[in-house]
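S.K.: A single structure is presented below for examination.
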Amino acid sequence: PNQPYLLNLHEDPSLSKNLAYPLLRYSVFGIEPEGSVPSIPATVSKDSIGLMTLKGVGLKPQHCVFEATGGRVTVGIIDNGRVCLNGKPLQPGERKEVKHNDRVVMGMNHVFVMCCSVDGSTTPRRSIPADWTMAMEEMLAGMQQKFFDPREQQKHEAELNAKMDAIREKENALEMERQKYQKMLQEIEGEYKQFNRRREAKINNRVAELEETLEAEGRLDELEQEKARLMEEIEAEVEDELENLDLRKQRVIQQQLVVENQLQSQNEKIRVFKIAKENEKREVARAEEDIMHLIPLVDEANLMAEQMGKEVKYEVRLQSSVSPEVFDDPVTGTTMHKTHVEAAVTMIDLVTQHNRVWSYDKFMTRLYMMREAFENFQQDPCDAPNKDQDPFFDQGEAQELGKAHLWLMGLCHFIDTEDVVPIISKMGVQQGKLSVKILIVDPNGKQNPTYYRNFSSVERMMGQRLDLMIEIPGCSGIDATMFSDVFARFKFFNDDTYFETKPQSKPSATPAFRFRRQVTCTVDQSLVSFLQSDALTVEVWGTALNPKISASPDQKGKTATLKSSKVPTRFFFLLLLLTRRVGI
């Protein structure tokens with residue numbers, strides 16, 4: 001009853017804690033655990049060595065060894081085998097003590113809990129608190145800490161907080177200035193009241209004096225006439241003071257309007273900025289969730305590739321791409337481009353050192369195929385997919401080299417737009433340059449300067465027809481050693497489908513497209529806004545040239561087509577549930 005043992009944990013509770021692996025003085029786990037192990041002395045008898053055979057992704061022939069002596073159990077890896085103890089990976093040459101209820105993960109999905117008595121009693125298997133989900137969550141959390149640097153996240157939060165503080169400071173300064181002018185207006189209104197009281201007092205005093213004078217002279221019949229003359233004199237006397245007050249009030253009102261317009265514009269910039277940052281934050285959160293989902297799956301793909309002898313490596317990446325959409329920075333006033341963030345996987349060919357960026361969906365599709373190929377490999381190591389069907393590499397399929405953006409502002413004023421714009425990849429690297437032209441034409445596709453002469457701008461053409469000729473002569477600077485069948489495609493305005501150029505089958509650094517297409521639009525406010533603030537985005541695609549594909553020693557000289565068998569999906573869905581459960 002005091003002998004330590006490993007108890008299996010399974011994602012299906014009915015299959016969990018059903019298999020016990022008793023640990024002898026030395027216990028070797030692996031695909032083929034037989035043979036000498038450096039950490040086991042040669043003098044140890046075979047009866048004291050347990051051999052435990054396991055199969056699966058990420059397992060080595062001799063994967064790890066447990067040693068149980070003096071009531072203490074330790075574990076160490078063999079041949080760089082992957083072992084996680086309570087979510088933390090063991091390093092080569094490192095030995096760790098394994099205590100009761102510790103979780104041990106070998107490879108990708110062999111999960112165990114350590115059972116050893118401290119006081120000589122026997123713990124019922126079903127009362128052991130550890131389960132498969134707990135063990136996998138620990139491993140996932142360890143991977144998260146390795147991938148995400150909390151200092152970078154804190155730095156980003158600090159920068160954003162500093163930006164928001166600067167925004168609030170500028171907003172407060174404008175509000176204080178607006179209140180200053182409001183107070184000045186109130187003071188001027190007070191001066192108006194004082195002016196009116198003085199004028200009224202002056203009128204009353206002067207009229208009373210006039211009545212006394214006329215009464216003394218017996219001329220009261222001239223009172224009304226003299227009173228009118230007196231009012232004109234008084235108005236002339238106060239005219240300059242009143243004009244000065246009016247001018248001051250007008251200036252303050254104008255200054256207040258300027259500040260209020262600035263404040264309104266600033267508030268709109270802040271609103272757009274906050275929306276952009278919130279959208280970016282949501283995209284980053286979604287991308288990070290995808291990354292946390294991808295990390296163990298990419299790890300699985302790397303382990304399968306290593307076991308199958310594929311000279312390829314996969315890495316998770318968080319990539320951002322620049323959007324043609326823009327907004328104004330509410331602090332500096334500079335124009336900023338919106339960015340889109342997404343999770344992706346970089347495929348690195350270890351022979352050619354060429355990199356390919358796979359989208360999340362593409363990697364998931366390939367992972368299913370990798371698992372199927374790995375199943376076939378386990379059944380027959382000589383059963384390898386042929387070169388054109390190997391899911392571990394990019395073979396014979398088009399991928400996006402990058403995007404080029406041509407701004408359209410000039411078209412609003414009937415100015416032809418032509419430029420050679422850089423092609424920027426999702427990794428932010430320039431892949432070449434694209435030549436693009438957009439010409440103003442008549443319905444017959446001809447450049448006719450007089451056709452639109454009755455309109456000063458496109459904005460004056462509401463409800464009218466506008467014809468444009470889009471030309472893409474070609475591009476330059478393409479790496480001809482990496483891509484063939486290069487082509488360009490784009491959508492214009494509200495088009496649902498892409499316009500595409502013909503692929504250039506021969507590898508070339510300067511593929512010529514000679515593309516020319518007329519587009520017809522009915523002018524409305526959405527089209528005007530599109531031309532004023534947006535860009536034509538042209539995607540450039542190409543087919544990756546075949547890299548050298550390696551095979552394991554047993555596979556060389558042999559190829560076969562993938563067999564049709566059910567793809568193992570349980571690990572994928574369980575990891576998805578795990579990422580949601582831990583709140584990533």
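S.K.: May I ask you to rank Asp79, Asp416, Asp394 by accessible area, largest first, using a 1.4 Å probe over the protein chains only?
M.R.: Order by accessible area, largest first: Asp79, Asp416, Asp394.
S.K.: Roughly how many Å² of Tyr452 are accessible to a 1.4 Å probe, to the nearest 10?
M.R.: Here the residue's solvent-accessible area equals roughly 20 Å².
S.K.: Using 0.36 nm per residue, how much length does the chain from Val207 to Gln250 gain when fully extended, once their Cα-Cα distance is taken away?
M.R.: The span from Val207 to Gln250 would gain 12.2 nm if fully extended.
S.K.: Would you mind pulling out the separation of the Cα centroids of the range 205-251 and the range 469-486, in Å?
M.R.: The range 205-251 and the range 469-486 have Cα centres separated by 88 Å.
S.K.: Is the range 383-507 rounded, prolate or oblate when judged by the Cα gyration tensor, a ≥ b ≥ c being the square roots of its eigenvalues, rounded requiring a/c under 1.5 and prolate requiring a/b larger than b/c?
M.R.: Prolate, because a/c is 1.5 or more and a/b exceeds b/c.
S.K.: Moving on to the next point. May I ask you to order 483-491, 274-282 by the average number of other C-beta atoms within 10 Å around their residues, highest value first?
M.R.: Ranked by mean Cβ neighbours within 10 Å, highest first: 483-491, 274-282.
S.K.: How large is ³J(HN,Hα) for each residue in the range 3-11, as worked out from phi by the Karplus curve 6.51 cos²θ - 1.76 cosθ + 1.60 (θ = phi - 60°), to whole Hz, x for Gly and Pro?
M.R.: Taking θ as phi minus 60°, the curve returns 6, x, 8, 9, 10, 5, 10, 9, 5 Hz for the range 3-11.
S.K.: Now a separate question. Around Val523, under 14 Å between beta carbons, what's the net of Lys plus Arg minus Asp minus Glu among the other residues?
M.R.: It works out to a net charge of -1.
S.K.: ³J(HN,Hα) across the range 57-70 via Karplus (A = 6.51, B = -1.76, C = 1.60, θ = phi - 60°), whole Hz, x for Gly/Pro?
M.R.: Ordered by residue, 3J(HN,Hα) equals 5, x, 8, 9, x, 10, 8, 7, 9, 9, 10, 10, 9, x Hz.
S.K.: A further question follows. Sorted by mean Cβ packing within 10 Å, highest first, what order do the peptides 294-300, 10-16, 231-237 take?
M.R.: 294-300, 10-16, 231-237
S.K.: Subtract the Cα-Cα distance of Thr481 and Lys55 from 0.36 nm times their separation in residues, and report this length gain in nm to one decimal.
M.R.: 149.3 nm
S.K.: What is the set of long-range amide H partners of Gly432 at a cut-off below 5 Å, with H atoms built 1.01 Å from backbone N?
M.R.: Ile423
S.K.: Amide H to amide H, which residues 5 or more places from His354 or on other chains are under 5 Å from it, using H placed in the peptide plane?
M.R.: Excluding prolines and chain starts, which carry no amide H, the hits are Asp349.
S.K.: When all protein chains stay in place, what accessible area (Å², nearest 10, 1.4 Å probe) is found for Met134?
M.R.: 70 Å²
S.K.: What is the log10 of I(q)/I(0) for the range 1-51, computed with the Debye formula using one identical point scatterer on each Cα and no solvent, at q = 0.14, 0.23, 0.26 Å⁻¹?
M.R.: With one equal scatterer per Cα and no solvent, log10 I(q)/I(0) is -0.47, -0.91, -1.02.
S.K.: Where does each of Met462, Met184, Met52 land when they are ordered by accessible area, with a 1.4 Å probe and the largest first?
M.R.: Met462, Met184, Met52
S.K.: Moving to a separate point now. At a probe size of 1.4 Å, how large is the accessible area of Val259, to the nearest 10 Å²?
M.R.: 0 Å²
S.K.: Excluding same-chain residues fewer than 8 positions from Lys163, which aspartates and glutamates have a Cα within less than 17 Å of its Cα?
M.R.: Glu152, Glu171, Glu268, Glu278, Glu280, Asp328, Asp329
S.K.: Right, another one. Exactly which GluC sites (Glu not before Pro) in the range 376-466 are in a DSSP loop and have at most 11 other Cβ atoms within 10 Å?
M.R.: Passing both the DSSP loop test and the Cβ count: Glu397.
The values are calculated or read from the model by the stated rules, or taken from the named source; none is laboratory data. Being a predicted model, the structure only gives us computed values, none of them experimental. Because the Cβ atoms are built from the backbone with ideal geometry, glycine has one as well, and the counts that use them run over all protein chains shown. With ligands, DNA and RNA removed, areas are computed over all heavy atoms of the protein, side chains included. Shrake-Rupley method; radii C 1.70, N 1.55, O 1.52, S 1.80 Å.
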